[in-house]
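For reference, the structure is listed below as structure tokens.
The values are calculated or read from the model by the stated rules, or taken from the named source; none is laboratory data. Note that the coordinates shown come from a computational prediction; the quantities given were computed from them, not determined experimentally. Backbone-built Cβ (ideal geometry, glycine too); neighbour counts: all protein chains shown.
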Amino acid sequence: MAEHFDLIVLGAGSGGLSVAQRAARLGARVALFDPDALGGTCVNRGCVPKKAMWFAAQIADMHRLGQEIGFDAAPLRLDWARFRTLRDQYIAGIRHRYATRLDMAGIRVIEEAAQLISNHTVETAKGMQASAPHIVISTGARPRRLDIPGVELGMNSDHIFVLDAPPQHIAVVGGGYIAVEFACVMRALGCQVDVLVRENMLTDFDLELVEALAVQMQAHGIRIVRNTQIKAARGQHGAITLEATDRAEYGVYDAVLWAVGRVPNSDGLGLEKLGVACGERGHILVDALQNTNVPGVYAVGDVTDRKALTPVAVAAGRALAERLIGGMADAKFDDSAIPSVVFSEPPLGAVGLTEQQARARYGDAVNVHTGRYTPLLWMVAGRSEQSVVKLVCVGEVRKVVGIHVLGPGSDELLQGFAMAMQKGLDWHDLKAAIAIHPTAAEELLLLH
């Protein structure tokens, strides 16, 4: 006989935890199913360990910059084993805090996978059944695996966090944010890096800033090979050659990172039997309220066709709990101004429409304001690389519909501008504001 709950959540990543905890806070009896570690991809194999590696890379780059402005050129070496231990201890602490909060909230955590046998009932492989009027799917996504010979010689983004040491020469296959971020991190930590891209990098970001980033990556020593499609990996671990469809060969590499996208964890959930609609790539299709096409079944996070970002999953989960349990019938999160950052070197941040997207939507009503500058610290060091800021505006009032920033500090400065844009920011507001000088943020206020 099935145990009854008010809400069942499949997946204990950012989205699942947010909906479960908010629902419990609102008085619901909640069951949370997940065979994996609490926190999902973000905490265990994504944002958190990636950002820790990025910080290590930033320290290495800052050390080199310090030498350029006059500091002693003492060698700097990362104790990789100690770094891994400290990083993993931090992540373990996050998981422990999650477990404590779930226990205090009275949430029943079942460390098993479950699949839907009806729109109100789930079952585990061991035969445990649970039922609820509402079932939320938040099972996330996983790295896409290429179907080519020798793929096992490389690793995906999950594996890179358990490396015993940074490789000497690595090929990064792919052009998305994961590929670009790890290429920059590995380069900063002393690796020789080749990025092999089928077409263009970072296609969701503004083309002008992406090209500026590519120039800087190449100036830092990263080799970028475009318009190449890898069809096979040859050799052995530690000595890998990549073969492209045009018969070109690349290598020899001691490591290969496959960063060719992610696929939703929507298989094995029983969705086909219930008729839950999914897209061509397996993403669960949801509306603005996170409803699927099957009553009583909802989805949040990377398993859906919404933007695959942790804060989006969290916001969607909280809003869904407020609607299902809190009585807020129209609760949904505002997706009009979602900021995102590529933690490259330098970082690239964006919120809203790219210039290309805006022109496709608004045509001649688009006004674009672009500025280039060399950050003060780079100038002191005698560097000539330039940062780029861009505003995409629409109409006579020049309402800001897109903000794009490439340069040091982009990751931190963008949040405030995203909030302002969400509240209806226009170009005249920026023009009238008093800047903090000298900062990267002021460059957006100087686009007159």
inquiry  = Need a quick list: strands (runs of 3 or more DSSP E) entirely within segment 253-353 having at least 2 residues that are of a type outside the set (D, E) and touching a Leu at 6+ places or on another chain (Cβ under 8 Å).
reply    = 255-258, 297-299, 339-342, 348-352
message = Quick check on segment 2-23: of everything there that is in contact with a Gly (Cβ under 7 Å, 6 or more places away or on another chain) and of a type in the set (V, I, T), which residue is farthest from C47 (Cα to Cα)?
response = V9
request  = At least 2 residues that are under 25 Å from R281 (Cβ atoms) and over 26 Å from the mean Cα position of the chain (by Cα) in each: list the strands (runs of 3 or more DSSP E) lying fully within segment 109-185 that qualify.
outcome  = 114-118
request  = Would you confirm whether any residue within segment 9-30 is surrounded by fewer than 24 Cβ atoms within 10 Å (Cβ to Cβ), at positive phi and out of contact with any Phe, Trp or Tyr (no Cβ under 8 Å at 6 or more places or on another chain)?
outcome  = yes
key: Hey, V300 closer than 23 Å to I117 by Cα and either surrounded by 21 or more Cβ atoms within 10 Å (Cβ to Cβ) or without any contact (Cβ under 8 Å) to a residue 60 or more places away in the chain (or both) or not   = yes
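Would you please name the residue that is surrounded by the most Cβ atoms within 10 Å (Cβ to Cβ), looking only at residues in segment 396-429 that are hydrophobic (A, V, I, L, M, F, W, C) and in contact with a His (Cβ under 8 Å, 6 or more places away or on another chain)?
W427
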query = Do we have S384 as of a type in the set (S, T, N, Q), under 19 Å from V210 (Cα atoms) and at pLDDT below 95 here?
reply = yes
task = Take segment 113-134 and flag every residue that is buried (at least 16 other Cβ atoms within 10 Å of the Cβ), within 12 Å of L269 (Cα to Cα) and in contact with a strand residue (DSSP E or B) (Cβ under 6 Å, 6 or more places away or on another chain).
result = A114, L116, N119, T121, V122, E123, T124
request  = Would you mind stating whether A214 is within 27 Å of the chain's Cα centre (by Cα) and not charged (D, E, K, R)?
outcome  = yes
request  = Determine whether segment 209-216 contains at least one residue that is touching a helix residue (DSSP H, G or I) at 6+ places or on another chain (Cβ under 8 Å) and outside any strand (DSSP E or B).
outcome  = yes
query = Restricted to segment 72-108, and to residues that are within 23 Å of the chain's Cα centre (by Cα) and among the hydroxyl-bearing types (S, T, Y), which residue is surrounded by the fewest Cβ atoms within 10 Å (Cβ to Cβ)?
reply = Y90
request  = Could you please let me know if A440 is under 19 Å from L353 (Cα atoms) and either in contact (Cβ under 8 Å) with a residue 60 or more places away in the chain or among the hydroxyl-bearing types (S, T, Y) (or both)?
outcome  = no
Leading residue by the ranking (nearest to A183 (Cα to Cα)) among those in segment 47-90 that are part of a loop (DSSP other than H, G, I, E, B) and touching a residue at least 40 places away in the same chain (Cβ under 8 Å) = L78
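One residue is enough: does segment 13-22 have a residue meeting the conditions within 21 Å of the chain's Cα centre (by Cα), closer than 18 Å to D158 by Cα and either assigned to a helix (DSSP H, G or I) or modelled with pLDDT of 95 or more (or both)? It would help to see each step written out before you state the result.
Of segment 13-22, the ones within 21 Å of the chain's Cα centre (by Cα) are 13-19.
Going one step further and asking which of them are closer than 18 Å to D158 by Cα, we end up with 13-14.
Pick out the ones that are also either assigned to a helix (DSSP H, G or I) or modelled with pLDDT of 95 or more (or both) and you get 13-14.
Yes, some residue in segment 13-22 is within 21 Å of the chain's Cα centre (by Cα), closer than 18 Å to D158 by Cα and either assigned to a helix (DSSP H, G or I) or modelled with pLDDT of 95 or more (or both).
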